[in-house]
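Have a look at the structure below, then the notes.
Each reported figure results from applying straightforward, stated rules to the coordinates on display, with no laboratory input. Treat the numbers as computed from the prediction; the structure is a model and nothing was measured. Glycine gets a Cβ as well: all are built from the backbone with ideal geometry, and neighbour counts include every protein chain shown.
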Amino acid sequence: MKSSFFRIALVLGLLSAIGPFAIDMYLPALPTIGKDLGADSGVTQLSLLAFFISFALAQLVYGPLSDMWGRKLPLYIGITIFALASIGCALAPDIETLIAFRFLQGIGGAAGMVIPRAVVRDMHTGVQAARLMSLLMLVFSISPILAPLTGSAVIAFYGWRGVFWAVMIAAFIGLVLLATQLEETRAEEQRAESGLGSALAAYGRLLRDRNFLTLTFIGGLGISSFLVYLANSPFVLIEHYGLTPTQYSIAFSINAVSFFTVSQFTGWLGERFGLVRVMRVAVTVFAFTLVTMAVVMAAGLDQLPVLATFLFIGYGALGLVIPTSAVLALEEHGEIAGTASSLMGTLHFVTAAVAMVITSLFVDGTALPMAGGIAFAAALAFILTQATIGRRRAVEAPAE
């Protein structure tokens, strides 16, 4: 049983990582892509934004489809679209074509983000779900650790186009794992109760559920803080601080180590103190650390070790915020887990896209706009948690 638990976490984590792998792996090449295709940094970043937009919106479709058709078929469709779009990116002759195929790539990659969360909810609730979600995130965190390093190696030998051939291969491996290692978790009788009308009704129900929306936006603001870093870090760390692409990849990976290491304590802490209390404390540490970082840097201490230290601590706390908020949001929506996971994912990435756009308006070549965007998202997560997740829930008995 224990080996099956870890096997499911491994497969779901790898399927979830396929889309983000396509982001993290080509981050070191962003400046090179711009020069090669004759585009400035703002236009080059649109290839990243295009992926996020389609990645966010497509999630609204995959969840209801997984409720109606089962979990596996929409995954097959999404990963196949992702693989074909990766080939288009690899062959793109100009920045406009690259942006278009990145948009299509995001549509395909969204399946791997939505459906594994629904599978977790199909199988478990409470602390067990949090434990499986944190293990899934352990595997998922391989992406920001290995992807930039792998990307740097691929770029060194094959150029930035080699990155997209590599993620196409990763998608093929995902299809093999899906076919051989993952069983269907959505029963036929449950699918029969799902349809377009029920999906629309489910979205209406979720949009009226204050608890679901609150927890979703807390997680979304946490993700926003990381994606603001992700979008700006290649230019800040490489061009402002003077790191090489390989050094950048190592610096980027360190934060992921902090994130996934702390996330592995989610199940134990949730069992001991309750998931809500764990989330509240984690959000507090996360926000305090990253707001302090922005204040210190605004005071003139613009140094890479300072930035790296605060990010390491702050993103460690984020490793508890993301799984707890997701499990708590889905807890009461098992019968529409796919749809709920879809709306959660879309709201997460729409929130992140807005944060990225706002931050981009203040870019000046230094690290301060990035630090400010990260801190602002963290502060909003803290305010929302304090205002809406009442102390009554925080002292509830741990979820079973």
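In this rough spin-label picture, where each label sits 7 Å from Cα along the Cβ direction, the residue 196-residue 261 distance is 5.1 nm. Over all Cα atoms in the stretch 1-104, the spread is summed up by Rg and Dmax: 16.1, 54 Å. Distance from the alpha carbon centroid of the stretch 71-122 to that of the stretch 279-319 works out to 32 angstrom. Taking 7 Å steps out from each Cα toward its Cβ at residue 187 and residue 43 produces label points 5.6 nm apart.
Placing pseudo-labels 7 Å out from each Cα toward the beta carbon at residue 210 and residue 76 gives an inter-label distance of 4.4 nm.
The calculated FRET efficiency for residue 96 paired with residue 10, based on their beta-carbon distance and R0 = 45 Å, is about 0.75.
Listing 164, 312, 286 from fewest to most neighbouring C-beta atoms within 10 Å gives 312, 164, 286. Each principal axis of the chain carries a Cα extent, and these read 54, 45, 38 Å when sorted largest first.
Take the Cβ atoms of residue 388 and residue 247, set R0 to 45 Å, and the FRET efficiency comes out at 0.65.
When each of the peptides 228-238, 178-188 is scored by the mean number of other C-beta atoms lying within 10 Å of its residues, the order from highest to lowest reads 228-238, 178-188.
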